[in-house]
Amino acid sequence: MDCASNAIMGVAVTPGHPSRESVLAALRAAVLCEEPYGPQGGLPEKVRVDRGKDFLSRTVTAAFDVLNVTVEDLPAYTPHLKGTVEGLNRAVESMFLAALPGYVRQPRPGRCRARPKEEMLIDFEDFTARLLAWVSWWNTVHHPDPLGGKTPLEAWEADPSPLREISADELWTFTLEETGRPRVISTRGVRFRSRDYVGAWMTGQSGLRVRVRFMPHHEHRIEVFDDVTGRYLGPAELADAATPEQISAVRTARAARTRRLRQDLKAAQRERYAASTRPGKPQRLGAVTAVEASAELAAVERSDLSRLALPDLIPPAAAPADWRTPPSLAARTRQGPGASPADEAAGGVGEPNGAER
């Protein structure tokens, strides 16, 4: 929000808790003057934040630093230092949220605080469309009292201050999170977080040292830059990406596992102890039959994959013949193709050049 004109510069809506990714999305919407944003926009001179972790993350502060924007971290419990935003928050709640179905602070008749059964809630897409329409009404139709009869957009356009504009491509590269170390393009693409990312422009670029930048939480795509010159090379998509059906099945399995874990946690926390009238150790209550105990222990053994590991199933290969190791280690190696029993007895895992520990 612009403090001088009360104009809402950018909006980003998230179904869950906001993060640094949503802050960067709102920042791009606030800075760009082209469609579908604007006409208000441009780089601000100073940004004031209220000590939120998402606003003060390393990625967001680095983006502000590159764009030459001063970030002022306000002290705690000082809402008067950002009264314009606080006023907007109250206006959003009283003028927009209160009229929506499912508003949690809506007064209910009597003591019933639950939502009526006949009340139909709106989905996320409809909510976002209504919120963006309300923002447009606020900027172009609404006449706040401090503006003297002007709309926020009219007050913005009447301000003679020059704008520092930036293109969408440049803003995109500046608001990306960068990894710490350079990487090398191989025949499988760029390795990032134990995954391979490929792009059509990588043909013939094997061995080139590059740096990776990415949008937080958008793991399907990365942006690749030259390590020496910093020149933007192109995007790279996740190789061997799962199909939508596989992703849906994985999320369903994760949700089922989460429910089971929550049930197990609740069951473990339901401990009961006998009341005591004399000093002594606490006595835990809860009787379990032998069949129940055996079934629960069997389920634990089946879920513990470390018990199924067989580290000695395939013994290590024999070392070269000029290596000498203790017989106890040499006996644990398997004979290589074409090696004699004498070579196997002399070989093993040890030190070269006749050294022995």
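The values are calculated or read from the model by the stated rules, or taken from the named source; none is laboratory data. In this text, all values refer to a predicted model and were calculated from it rather than measured experimentally. A quick note on method: Cβ atoms are made from the backbone with ideal geometry, for glycine too, and the neighbour counts reach across all protein chains shown. When the accessible area is computed, the model is the full protein with side chains, heavy atoms only, and any ligands, DNA or RNA have been set aside. Shrake-Rupley method; radii C 1.70, N 1.55, O 1.52, S 1.80 Å.
Structure above, values below:
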{"quantity": "Lys/Arg +1, Asp/Glu -1 at C-beta; the chain dipole; positive extreme among TRP156, ILE314, SER248", "calculated": "ILE314"}
{"quantity": "Cα-based convex hull volume of the stretch 31-130 per residue, rounded to whole Å³", "calculated": "173"}
{"quantity": "Inter-label distance, nm, simple model (7 Å from Cα along the C-beta direction), ARG259/GLU165", "calculated": "5.4"}
{"quantity": "Degrees between helix 244-269 axis and first principal axis of the chain (Cα, 0 to 90, nearest 10)", "calculated": "80"}
{"quantity": "Order of exposure, largest accessible area first, which applies to GLU245, GLU35 with probe 1.4 Å", "calculated": "GLU35, GLU245"}
{"quantity": "Gain on full stretching of the segment that runs from TRP137 to GLU45 - 0.36 nm per residue minus C-alpha separation", "calculated": "30.5 nm"}
{"quantity": "Over the chain: Kirkwood hydrodynamic radius from C-alpha pairwise inverse distances, Å", "calculated": "27.9"}
{"quantity": "Evaluated at q = 0.18, 0.22, 0.23, 0.26 Å⁻¹: base-10 log I(q)/I(0), Debye formula over Cα of the stretch 145-214", "calculated": "-0.81, -1.04, -1.07, -1.14"}
{"quantity": "LEU56 accessible area, 1.4 Å probe, all protein chains in place, Å² to nearest 10", "calculated": "60"}
{"quantity": "Accessible-area value, GLU154, 1.4 Å probe, nucleic acids and ligands omitted, Å²", "calculated": "90"}
{"quantity": "Prolate/oblate/rounded call for the stretch 2-43, Cα gyration tensor, a/c under 1.5 rounded", "calculated": "prolate"}
{"quantity": "³J(HN,Hα) computed for each position of the stretch 200-217 - Karplus, 6.51 cos²θ - 1.76 cosθ + 1.60, integer Hz, glycine/proline x", "calculated": "5, 6, 6, 4, x, 9, 4, x, 6, 7, 9, 10, 10, 10, 8, 7, x, 6"}
{"quantity": "Accessible surface, 1.4 Å probe, highest first, among residues TRP172, TRP138", "calculated": "TRP172, TRP138"}
{"quantity": "Residue-level accessible surface for ARG231, protein heavy atoms, 1.4 Å, Å²", "calculated": "150"}
{"quantity": "Computed label-point distance, nm, for sites ARG302 and VAL92 using a 7 Å Cα→Cβ extension", "calculated": "4.9"}
{"quantity": "The stretch 225-279, dipole about Cα centre (Lys/Arg Cβ +1, Asp/Glu Cβ -1), debye to the nearest 20", "calculated": "920"}
{"quantity": "Under-5 Å amide H pairs with VAL71, H placed in peptide plane, nonlocal only", "calculated": "VAL47"}
{"quantity": "Residue-normalised accessible area of the chain, expressed per residue, 1.4 Å probe, Å²", "calculated": "70"}
{"quantity": "The stretch 243-291, Cα convex hull volume normalised per residue, Å³", "calculated": "96"}
{"quantity": "Accessible-area ranking of MET202, MET1, largest first, probe 1.4 Å", "calculated": "MET1, MET202"}
{"quantity": "Carbon plus sulfur fraction of accessible area for the chain, probe 1.4 Å, in percent", "calculated": "55"}
{"quantity": "Positive dipole terminus of the chain, leading residue within MET9, THR84, THR70 (C-beta point charges)", "calculated": "THR84"}
{"quantity": "Tilt relative to the chain, helix 83-95 - C-alpha long axis, 0 to 90 degrees, to 10", "calculated": "90"}
